[in-house]
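The values are calculated or read from the model by the stated rules, or taken from the named source; none is laboratory data. None of the values given here were measured: they were computed from a predicted structure. Positions of Cβ are generated from backbone atoms using ideal geometry, with glycine treated the same way; all protein chains shown enter the neighbour counts. Heads up: the accessible areas ignore ligands, DNA and RNA and are worked out on the full protein's heavy atoms, side chains in. Shrake-Rupley method; radii C 1.70, N 1.55, O 1.52, S 1.80 Å.
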Amino acid sequence: MSALAVEDLHVWFDLPGGRELHAVQGIDLALEPGERLGLVGESGCGKTTAILAMMGLLPPSASVAGRVLLAGGDILAGGDRTMRPHRWTDIAMVFQGAMNAFDPVRTVGDQIAEPLERAGLAAGRAARTRTAELLELVGISGERQDRYPHEFSGGMRQRAAIAMALACEPKVLLADEPTTALDVMVQAQILELLVRLTDELGLAMVLVTHDLPLVSQACTHAAVMYAGRIAETGTTRELHHAPLHPYTRMLFEATPDLRGTDAVRSIPGAPPRLDEPTVGCPFQPRCDRAFGPCATTRPPRRTTEPGHLTHCHLEGGA
Amino acid sequence: MRAGWSYVGRRALFALITILVAISLNFVLFRLAPGDRTSALRCQGCTQEFKAQVRAEFGLDRSVPEQYLVYVKETATGNLGRSFVTQQPVLAELWKPVRNTIPMVLLGTLFAISLGLTLGVVSAWRRGTITDRTSVWSGLLLYSLPTQWLALMLIFYAAGPLGLPTSDIADPYLAYENPGWWPELVDRLQHMVLPAATIGLVLFGEYTLITRSSMLEALGEDYILTARAKGLSNWQIVRRHALRNSLLPIVTLIFLSLGFILGGAILIETVFNYPGIGLQLYESVTERDYPMLQGGFLLLTVSVILMNFLADLLYFRLDPRVTE
Amino acid sequence: MSPQELAEAIIPATADTRRRPPVWRFLKGHPQAAIGAAILIVFALIAILGPWIAPYGPREQVGPIFGTPSNPHPLGLDDAGIDILSLLIHGARITLIVGFTGALVAVLVGGTIGIISGYFGGRLDNLLMRVTDYFLVLPDLVLLIVVASIWGRSLRNIIIIIGLVYWTFMARLIRSQVKVVRERAYVKRAQALGASHLRIILRHVLPQVLPLILAQTVLMVALAIFLETAISFLGLGDPNAPSWGRMIENGFDRSAISYGAWWAIVPPGLAVAIVIMAFNMLGTAAEDALNPRLKVSHLLRRHFRMRPLPDKDAAR
Amino acid sequence: MSEPLLEIEDLVVGYRQGRKGVVQAVDGVSLAVAAGAMVALVGESGCGKTTTAQAAMRMAPIASGRIRYRGADITALGSRALRPIRRELQLIFQDPYESLDPRFRVRDTVLEPLQIHGIADDREGRMRRALERAGLTPPELYLDRYPHELSGGQRQRVSIAAALALEPTMLLADEPVSMLDVSVRAGILGLLDDLRRDGLGVLMITHDLSTAARYADRICVMYLGRIVEEGPTAEVIGDPRHPYTQALLSVVPRPDPDDAGEPRILRGETPNPADVPTGCRFHPRCPVAQDRCRTDDPVLAPAGAAGHRAACPYA
């Protein structure tokens, strides 16, 4: 049974004037324990919205449809009410700007221990011991739990944010651009830490990022999102070596490789507006292999290998 | 914590320098007035004897810089001169009314803080609801009322129905009856109610608005989203994270508004004929008792400076980031 | 994730909201501000047309002392038998002029110092901010009383003093804004191109901080009017200018309370309150609209909604 | 390759930071950019790369060293004498969302440099040519738009067009694509590459070694205010000599999951320029540091092929 499964997840936002923005348009994901899935896409593709929906953290202007299954049980069915008991105890999150994820006037340890107390897992002295353990786990001395966030460097704060996410021993970890704004070396440290933790603790992790190479190196699986839909999912190897969707291939072509020799090509055009209905394939105007049905028919879901899925009219790879 | 103590030290130094600046400004302002301290224009009813005494005390026959030094020295030792009206030392003359003002202002301010903060927090929490709108509009309205006019309105429309006295600090007949401390205290409090209520209402409006927007700013911060992700309830989020963060700017503003409160006290005490520092200043103005005016101004300025220093200290306690 | 990032992640770049809305759109979206503006326009018209619409002159005795409100004198008469409605109409002009010019002095002095201090930074900035620090702690009304009692009672003095008391607030606020704008890349680029400081300030910095300056000016007018009524009430107003503040003072001073003549005090105070409130409504609404930190709240009373899955065929 | 356009020699830039005294953001940096060449200045945040570029533009206080442009010393020129230089040297900024004045139409943004430099003849034509050169064709489509009506990539192109309006000979690009979506980055970098081919000199500041490897002729790696290694791109990427460069290269994520080498992750934090270690600045984090590294401050010395230098005795 999957640690986390998302089935046909949709998110809409109310816009002024009674209009709607269909930010997430039916995505499916599945993760086994110990798997790391990279959720990749350009800004505005709905990747952050999707994981906020999995945590039930969307604003009241949002409406949601679909299922979010944790170990087989749907936690989304009752909205916020059924979500809340699972937050942090079963599914936790590392936010993008660790800089701002901590309350500046409370100690780091206090904020790590907070969910422990809330969930009745530990309190007082036990909570302190557990907090120290958690900090040690991410490579910070446990004595530093009495420090304030501003006394931590950016990298340390991100580590502490990871420790905080692990406090209640969740089975699923969602990480939203955990290394953006960090230096290359610190980024490498954080990625190494996330990989080690998922391996050791059997966590299932969704890593949201715009950086394809990062996913290639840190994740076992990847899902490429475009305009609120999943263009392609599969293992990172499958996506790199045998992409089924032209968007996946073109994203790789647009990414310079340190030792690569192939020409780097940008993708012309811009993503479509999500506040208007899309006809056919949303990527069609930018696609270098678009043909007849792409402009008129929504691409079907196709699969070659088990677990390697795409939404594209092309048969036989991109 | 050493960095912290140097912060406290620097704020203390700043307060000291500011007091010196205030003393100097006080000297300059009153030097700019026509005539010297004892001229007929400014000290009409003064006897020659009294004038000579003042002249000697403040070295008025010497050069201006020397006069300044004498003034600073005399001020530092607590000599603010003598009242032209009573010919008593200014400091002692000021002390009596100050004693009357403090409890009144304190009562009003505490009322405003407790109610304003509560309503501001509730209002931010219930943003957009009827509760929120009501408190914003009532806050705006109270904040916009001229203090002296609100006081007059209370006399017109509240004093009668509530049976509260509208003038002075105590019932003059009570002194002859000598009924004991309890009725006297009640009488004092009754005289205090309307002035304190005026201060309280005006400040209450301001504090509600400030607290609300400060709270709203805090609620938009990322750590609130983190707290929500951690499964905290709304009440826990407010109590553990939003409140303390939103209090930081409020503390400063409350202490900074002391100057405003003192200004308000002048107006209120004038309306209610309440013998506090404000009424004393008002009378000094009408009677052209310059030493008293000068002394009162200095006293009020210094108390604002000290309050600011207190705010700095409190800020230091509340915000761990304050070290630099 | 910051509110802006959230907004950007959700809304495509075409719907960018960075540009500030023009005035009318602001008024349309903020009923509070629109009501305030409407009230102010009415009072401004009264102030401008005062001499033509007031039924009687400001010094014209038309009836008995503290005459009760009646048909020809709907708001009654004051202690000298002058028509209160007429006084109110004449006083509007003086009150508004004091408010506006006082605020203008504060804005000009404070704005200039704020911009210079924030734009150039360094030692000059340090010095100027020290000076404002000292001014900030002076209790405003008390200083006003002292200066007015020394310099004498005139409208001009009141305006100058109001300006001198409040420029510090303005300077502080503008400075911190300018410091932010100064670091924007387009200012850096203009500097790299060799543009003069004056050009950069006028073309790039000032337009950016102008909305904030305007919002603050509006709030400052309210403060100035407040201060004028206070100083007049203490008998330090201009004896020749029948402002609303002086009307309240007059009523109080001439024992309107013991006469029970509420009409000598209620109308001018109400007029002051309404005008100040209108300025505050406009000013705080503008201030809030300019504050991006108020746009998002993570504390929710309502939650996102669940809805049934869309019809697959319809989505195609 | 011709004579260098821009030469930086032994540049030292210090900032006063509170009461801690002076922080040496840049401490003895030398580099040269020739016409038709792209030099990449690579390093982590706080290493002084942006400060170096700003000093080259005379926008940061220079403590010592020389900046030469076309052989002429511009280190101490007054703002009037600097004006002709400012026409030739143009900056391109990182954040396209912040680099355009939100109140300016595209037209105004591109015209502004011409106004500042008092160029009156053929303004319209110059503006159009700049827009076309930046890839915004036809210009009519963009002239009257505000920044919020443009995508990120288009904004950056407007920014580049504004830089090109004065027909400069040298561009300083500070992280020109780091805020852009991956799909449009290649377009902007390709544009800079085309401009380089047209004969402009380009100094690109970046933290992304993959980008530098792909587009630059030479790479200078900075660490704590110093250049620790420099050389032709192929040399620095293919045969890195300094342990810092080696570590940096080893952690660059590669698009192919099978390409991963053994990352040599350095422990500790990004170094702070306010706290510079003695001896070799890198020694506290260096995997091969010896005793002498604690005391001896190494200088750039030839290593490997011609034109390749590294500041490490073990290179």
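Taking the Cα centre of the protein assembly as shown as origin and charging only Cβ (+1 Lys, Arg; -1 Asp, Glu), how large is the dipole, in debye to the nearest 20?
Values: 123 positive and 123 negative charges, 234 e Å.
Roughly 1120 debye, rounded to the nearest 20.
Specify the angular offset, from 0 to 90 degrees and rounded to the nearest 10, of the alpha carbon long axis of helix B:290-318 from the longest principal axis of the alpha carbons in chain B.
The two axes meet at around 30 degrees.
Taking a 1.4 Å probe, which of B:Val105, B:Val85 shows the most accessible area, and what order do the others take after it?
Details: B:Val105 20, B:Val85 80 Å².
Of B:Val105, B:Val85, the descending order of accessible area is B:Val85, B:Val105.
How far apart, in nm, are the 7 Å Cα→Cβ label points at C:Gln61 and A:Thr297?
10.0 nm
Heavy-atom accessible area per residue, the stretch D:240-315, 1.4 Å probe: how many Å²? List each step's numbers first, then the result.
Numbers: 3790 Å² over 76 residues.
Value for the stretch D:240-315: 50 Å² per residue.
Given a 1.4 angstrom probe, I'd like the percentage of the accessible area of the stretch A:160-318 that is carbon and sulfur, rounded to a whole number.
Values: 3140 of 5830 Å².
C and S fraction of accessible area: 54 percent.
Between A:Asp8 and B:Leu318, what FRET efficiency follows from the Cβ-Cβ distance if R0 is 45 Å, with the result rounded to 0.05? Write out the running numbers ahead of the final one.
On the way: r = 48 Å, r/R0 = 1.07.
Step by step, r from the Cβ atoms, then E = 0.40.
Summed for both chains, how many Å² of accessible area, to the nearest 100, are buried between B and C with a 1.4 Å probe?
Numbers: alone 18120 and 18910 Å², together 31620 Å².
Roughly 5400 Å² of accessible surface disappears when B and C pair.
Chains D and C: what accessible area do they bury, summed, in square angstrom to the nearest 100, with a 1.4 Å probe?
Details: alone 15200 and 18910 Å², together 31630 Å².
Chains D and C together bury approximately 2500 Å².
Please check the stretch C:220-259 for residues whose accessible area, probe 1.4 Å, is lower by 30 Å² or more when all protein chains are in place than in their chain alone.
At a threshold of 30 Å² (probe 1.4 Å), the residues of the stretch C:220-259 that become less exposed are C:Phe226, C:Phe233, C:Leu234, C:Ile248, C:Phe252, C:Ile257.
Excluding ligands, DNA and RNA, what is the solvent-accessible area per residue of chain B at a probe of 1.4 Å, expressed in Å²?
Roughly 44 Å² per residue, with all protein chains present.
Round to the nearest 10 and give me the degree value, 0 to 90, for the angle of helix A:184-201's Cα axis relative to the longest principal axis of chain A.
80 degrees
Once ligands and nucleic acids are excluded and a 1.4 Å probe is used, how much of A:Arg147 is accessible, expressed in Å² to the nearest 10?
100 Å²
Span-like helices, chain C: DSSP H, alpha-carbon axial extent 18 Å or more, mean Kyte-Doolittle -0.5 or greater, which ones? Please report the intermediate quantities before stating the final value.
Details: long enough: C:31-53 (32 Å, 2.08); C:84-120 (52 Å, 1.80); C:122-136 (21 Å, 0.15); C:155-182 (38 Å, 1.03); C:206-233 (39 Å, 1.84); C:266-290 (35 Å, 1.41).
Both cut-offs are met by C:31-53, C:84-120, C:122-136, C:155-182, C:206-233, C:266-290.
Compute the separation of the alpha-carbon centres of the stretch A:44-103 and the stretch A:112-138 and state it in Å as a whole number.
22 Å
Using a 1.4 Å probe and counting only protein heavy atoms, how much accessible surface gets buried when B and A come together, both sides summed, in Å² to the nearest 100?
On the way: alone 18120 and 15020 Å², together 31030 Å².
Using a 1.4 Å probe on protein heavy atoms, the buried area is about 2100 Å².
Between the stretch A:195-234 and the stretch A:245-278, how far is it from one alpha carbon centroid to the other, in angstrom?
18 Å
Taking the Cα-to-Cβ direction at B:Thr286 and at A:Ala77 and moving 7 Å from each Cα, how far apart do the two end points lie in nm?
Simple spin-label model gives 7.9 nm for this pair.
Across peptide D:261-269, how many C-beta atoms of other chains are within 10 Å of each residue C-beta, on average?
Values: counts 0, 0, 6, 2, 8, 5, 3, 5, 9.
Other-chain Cβ atoms within 10 Å of each residue's Cβ, averaged: 4.
For chain B, which whole percent of the accessible surface, found with a 1.4 angstrom probe, sits on carbon and sulfur atoms?
Details: 9310 of 14330 Å².
That fraction is 65 percent.
Evaluate E = 1/(1 + (r/R0)^6) for C:Glu183 and A:Leu15, where r is the Cβ-Cβ distance and R0 equals 41 Å; express this FRET efficiency to the nearest 0.05. Working shown, then result.
Working: r = 32 Å, r/R0 = 0.79.
Once rounded, the FRET efficiency stands at 0.80.
I need the calculated FRET efficiency for the pair D:Asp296 and C:Leu198, taking r as the beta carbon distance and R₀ as 60 Å, to the nearest 0.05. Intermediate values should be presented prior to the final figure.
Numbers: r = 51 Å, r/R0 = 0.85.
E(calc), rounded to 0.05, equals 0.70.
Which value, in Å² rounded to 10, gives the accessible area of B:Arg62 with a 1.4 Å probe and all protein chains present?
Here the accessible area works out near 120 Å².
Threshold 40 Å², probe 1.4 Å: give the residues of the stretch B:143-170, in number order, that are less accessible with all protein chains present than with their chain alone.
B:Tyr143, B:Ser144, B:Pro146, B:Gln148, B:Trp149, B:Leu152, B:Phe156
Please report, as a whole percent, how much of the solvent-accessible surface of the stretch D:240-315 comes from carbon and sulfur atoms (probe radius 1.4 Å). Write down the numbers at each step before the final one.
Details: 1880 of 3790 Å².
Percent of accessible area from carbon and sulfur atoms in the stretch D:240-315: 50.
Can you compute the helix-only [θ] at 222 nm over the protein assembly as shown? Use -39500 (n - 2.57) per DSSP H run of at least 4 residues, normalise by all residues, nearest 500 deg cm²/dmol. Provide the component values of the computation, followed by the final result.
Numbers: 47 runs with 634 residues, N = 1273.
The helix-only estimate for the protein assembly as shown comes to -16000 deg cm²/dmol at 222 nm.
Net charge within 11 Å of B:Glu217 by Cβ-Cβ distance, Lys/Arg positive one each and Asp/Glu negative one each, not counting B:Glu217 itself? It would help to have the intermediate numbers written out before the result.
Details: positive: B:Arg212, C:Arg293, C:Lys295; negative: B:Glu221, C:Asp288.
Local net charge: +1.
Compute the long axis of helix B:243-256 from its Cα atoms, compare it with the longest principal axis of the Cα atoms of chain B, and write down the angle in degrees, 0 to 90, nearest 10.
20 degrees
Treat each spin label as a single point 7 Å out from the Cα along the C-beta direction, and report the B:Arg239 to B:Leu13 distance in nm.
Output for this residue pair reads 4.3 nm.
Only protein chains counted, 1.4 angstrom probe. Which residues of the stretch C:278-296 are at least 40 Å² less accessible in the assembly than when their chain is isolated?
Correct list: C:Asn280, C:Arg293, C:Leu294.
Given a 1.4 angstrom probe, what's the average accessible area per residue across chain C, in square angstrom?
Value for chain C: 43 Å² per residue.
Have a look at C:Met170, C:Pro267, C:Gly102 and report the one farthest towards the positive end of the charge dipole of the stretch C:26-291, computed about the Cα centre with Cβ charges (Lys/Arg +1, Asp/Glu -1).
After comparing all options, I get C:Met170.
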